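The values are calculated or read from the model by the stated rules, or taken from the named source; none is laboratory data. All figures in this text were calculated on a predicted structure; none of them were measured in a lab. Counting neighbours? That spans all protein chains shown, and the Cβs are built from the backbone with ideal geometry, glycine included. Remember, those area values only see protein heavy atoms, side chains included, never the ligands or the DNA or RNA. Shrake-Rupley method; radii C 1.70, N 1.55, O 1.52, S 1.80 Å.
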Amino acid sequence: MTVLEARNLPRHVAIIMDGNGRWAELQGRPRTAGHRAGSDAVRRIVRLARRLGVEQLTLYAFSEQNWGRPQDEVEALMALLHEFLLSEREEILSNAIHLRAVGSVERLPQPVREVLEPLSQRSAPGARMVLSLALSYGGREEIAAAARTLARKVARGQLSPEDVTEELLAAHIPSVAYGEPDLIIRTGGEFRISNFLLWGSAYAELFFSPTLWPDFAAEDLFQAISAYQRRERRFGLVPSVASNGHGAHANGSSALVETQACPTSPSDS
Ligand code: IPE
Ligand code: IPE
Ligand code: MG
């Protein structure tokens, strides 16, 4: 059992959910079987993060570049996304989760948008956790879109080039609208960012897990958080200065989180 410190939980955890295809291949099944098992892992991890008290969970579900995959795989992924949104709708609403999408949502099929948009609007008030799904998402595309928005304002004379500060640009980057990620996990054994949260990852702690996403379980998340808690975040400063400002996150009165007391299936709750 991994024991976590309740006082130093990452506020914002972001996950590159990778390895569905390899998981299926290892079982001699089609890649889409891996994506289906991957969507079950999403359900488990959302529940767990909510119980742990993580304030924000950002999940990389589909990249801009993933549109280039074979058409049947893209269609299967969109169908699974649709199914996921329909099946989780009530749970999201009843658990004070604000679901939102970041990415080029306009590229998603109409049936997906028809569920996503109203759910995103209805789930907003008083949320305990913000669940951001990165859908048709690219970190470079997101920064380019922010630059275009500001460039338009400059062209209209609403803004001068000197006003384009780091803070203003950040304010136009939806993936950090509620704060930068503290911890970015990539599953599936690859050591790369693959165009995820390029702006927000500047000072995130990175954790690479060999576990293929469909197998990613509570213990894998606990290990990632535990590793995060052993890191020293410095933000370019020296230790004594850094620890006064960023980092430590007091969101619990007890010193430790008993990870065994964090069920992940509805029957446990
Ligand atoms: C992640 O799994 C899911 C998406 C990118 C949509 P992959 O489909 O990339 O799985 P691998 O990397 O081929 O195993
Ligand atoms: C990143 O995984 C995208 C998602 C997890 C949605 P990919 O499988 O697409 O990334 P690469 O191809 O390994 O870089
Ligand atoms: Mg992959």
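Checked against the criterion of being more than 13 Å from ligand 2 (Cβ to nearest atom) and free of Cβ contacts under 8 Å to residues at least 60 places away in the same chain, the candidates E75, E55, E5 yield just one match: E75. Has the range 29-50 got at least one residue that is within 16 Å of ligand 3 (Cβ to nearest atom), farther than 29 Å from R230 by Cα, touching a residue at least 60 places away in the same chain (Cβ under 8 Å) and open to solvent by less than 50 Å² (accessible area, probe 1.4 Å)? Within the range 29-50, one or more residues are within 16 Å of ligand 3 (Cβ to nearest atom), farther than 29 Å from R230 by Cα, touching a residue at least 60 places away in the same chain (Cβ under 8 Å) and open to solvent by less than 50 Å² (accessible area, probe 1.4 Å). Checking the stated criteria, E83 turns out to be out of contact with any helix residue (DSSP H, G or I) (no Cβ under 7 Å at 6 or more places or on another chain) and under 23 Å from T32 (Cβ atoms). Of all residues in the range 166-173, one or more are open to solvent by less than 20 Å² (accessible area, probe 1.4 Å), touching a Phe, Trp or Tyr at 6+ places or on another chain (Cβ under 8 Å), more than 16 Å from ligand 1 (Cβ to nearest atom) and more than 28 Å from W23 (Cα to Cα).
Counting only residues that are open to solvent by 30 Å² or more (accessible area, probe 1.4 Å) and either farther than 17 Å from A170 by Cα or assigned to a loop (DSSP other than H, G, I, E, B) (or both), the range 188-204 holds 8 of them. Regarding the range 58-68, can at least one residue be identified that is under 21 Å from the mean Cα position of the chain (by Cα), modelled with pLDDT of 95 or more and more than 12 Å from ligand 1 (Cβ to nearest atom)? Yes, the range 58-68 contains at least one residue that is under 21 Å from the mean Cα position of the chain (by Cα), modelled with pLDDT of 95 or more and more than 12 Å from ligand 1 (Cβ to nearest atom). Of the set (1) away from ligand 2 (no atom under 11 Å from the Cβ); (2) without any contact (Cβ under 8 Å) to a residue 12 or more places away in the chain, all apply to R69 but (1).
Looking only at the range 209-237, residues that are within 16 Å of ligand 2 (Cβ to nearest atom) and open to solvent by 70 Å² or more (accessible area, probe 1.4 Å) come to 2 in all.
Criterion applied to F207, F191 was being without any contact (Cβ under 8 Å) to a residue 40 or more places away in the chain, more than 16 Å from ligand 1 (Cβ to nearest atom) and of a type in the set (F, W, Y), and the one residue passing it is F207. Residues in the range 61-83 that are open to solvent by 20 Å² or more (accessible area, probe 1.4 Å) and in a strand (DSSP E or B): A61 only. Taking the condition of a type in the set (A, V, I, L, M, F, W, C) and either more than 16 Å from I97 (Cβ to Cβ) or more than 14 Å from ligand 2 (Cβ to nearest atom) (or both), does A37 pass? Taking the combined requirement at face value, the residue satisfies it.
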